[in-house]
Amino acid sequence: MTTTKRGRPRSFDREAALVRATLLFWQHGYEGTSISDLTAAMGISPPSLYAAFGDKRTLFTEVVDRYGSTFGAFMENALAQESDTRTGFARMLDEAAVSYTDPEHPAGCLVITAATNYSPQTADIEQDLRARRVANIRSFEERLKDAEARGSLPEGADTRALAVYFAAVVQGMSQQARDGATTAELRRVAEYAMAAWPEPAS
């Protein structure tokens, strides 16, 4: 039988606590989630939260970073793993339809919804999430330019407009999922969206 030295803080599963924080921010947004909400969900005291994660702002940044490499990784994976750019975008939208409606976690995308409402005191949160979304558009545009160079898009295609278009589709799918759209409905949206892909001249 092992014993714990008197006075040592009770250990906790940091990764599990981070997942609970992620789900809470995802569901209620940054402003809608309080420290007391977080400590209750994570099963730790406020001092333990501050010791393990820093303040609420620092915790949220870690949550968003982790989201990008876990729940939200499907987007980058789809574009990186498919050799054909059009196939990559089609896979990304299809997987967004599945992910955004998965009943195992809150609907939609955390990066899109977590700062819908914000105050002047938390404007930096909104600005950080906006910067992440803008970075996604730049990533889309780079891949679309590569597709043009490879002949998957017609020469002179407006890759910037296409990148913004696909970002708008992804963001709209997230909101529709929050409003109750089904996986099947969003998959149809994805199919219609891909119909806008400009075909190269034969």
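The values are calculated or read from the model by the stated rules, or taken from the named source; none is laboratory data. No experiment lies behind these values; they were computed from the predicted model shown. So basically every Cβ, Gly included, is an ideal-geometry build from the backbone, and we count neighbours across all protein chains shown. Accessible surface is based on the protein model in full, side chains and every heavy atom, while ligands, DNA and RNA are left aside. Shrake-Rupley method; radii C 1.70, N 1.55, O 1.52, S 1.80 Å.
Looking only at region 66-89, residues that are among the hydrophobic types (A, V, I, L, M, F, W, C) and in contact (Cβ under 8 Å) with a residue 40 or more places away in the chain come to 4 in all. Taken as a whole, the condition of being among the basic types (K, R) and surrounded by 13 or more Cβ atoms within 10 Å (Cβ to Cβ) applies to R178. If we scan region 138-150, do we find a residue that is under 30 Å from E62 (Cα atoms), within 17 Å of the chain's Cα centre (by Cα), open to solvent by 60 Å² or more (accessible area, probe 1.4 Å) and of a type outside the set (V, I, T)? For region 138-150, residues under 30 Å from E62 (Cα atoms), within 17 Å of the chain's Cα centre (by Cα), open to solvent by 60 Å² or more (accessible area, probe 1.4 Å) and of a type outside the set (V, I, T): present. When each of A161, A167 is tested for being surrounded by 14 or more Cβ atoms within 10 Å (Cβ to Cβ) and either modelled with pLDDT of 95 or more or outside any helix (DSSP H, G or I) (or both), the lone residue that passes is A167. No other residue among T33, T70, T61 is closer than 19 Å to C109 by Cβ, open to solvent by 50 Å² or more (accessible area, probe 1.4 Å) and β-branched (V, I, T) apart from T70.
Here region 78-100 is the region considered, the condition is being within 13 Å of the chain's Cα centre (by Cα) and not aliphatic (A, V, I, L, M), and the residue that is least open to solvent (accessible area, probe 1.4 Å) is Y100. Count of region 160-202 residues, restricted to those that are basic (K, R) and within 17 Å of M75 (Cβ to Cβ), is 1. One residue is enough: does region 14-29 have a residue meeting the conditions modelled with pLDDT under 95, open to solvent by 50 Å² or more (accessible area, probe 1.4 Å), part of a loop (DSSP other than H, G, I, E, B) and in contact with a helix residue (DSSP H, G or I) (Cβ under 7 Å, 6 or more places away or on another chain)? No, region 14-29 has no match at all.
Does region 110-133 contain at least one residue that is open to solvent by 60 Å² or more (accessible area, probe 1.4 Å) and of a type in the set (A, V, I, L, M, F, W, C)? Scanning region 110-133 turns up no residue that is open to solvent by 60 Å² or more (accessible area, probe 1.4 Å) and of a type in the set (A, V, I, L, M, F, W, C).
For A149, the test of being out of contact with any Leu (no Cβ under 9 Å at 6 or more places or on another chain) and at pLDDT 95 or above is failed.
Looking for something modelled with pLDDT of 95 or more, among the hydrophobic types (A, V, I, L, M, F, W, C) and not in a helix (DSSP H, G or I) - is there at least one such residue anywhere in region 103-121? Within region 103-121 (the criterion being modelled with pLDDT of 95 or more, among the hydrophobic types (A, V, I, L, M, F, W, C) and not in a helix (DSSP H, G or I)), the answer is yes, since at least one residue qualifies.
Are there any pairs with C-beta distances below 6 angstrom linking a residue in region 100-121 that is within 9 Å of R178 (Cβ to Cβ) and in contact (Cβ under 8 Å) with a residue 60 or more places away in the chain to a residue that is of a type in the set (A, V, I, L, M) and not in a loop (DSSP other than H, G, I, E, B), with the two at least 6 apart or on different chains, and if so which? Note: pairs meeting the criteria are Y100/M173; Y100/A177; A107/A177; G108/A177.
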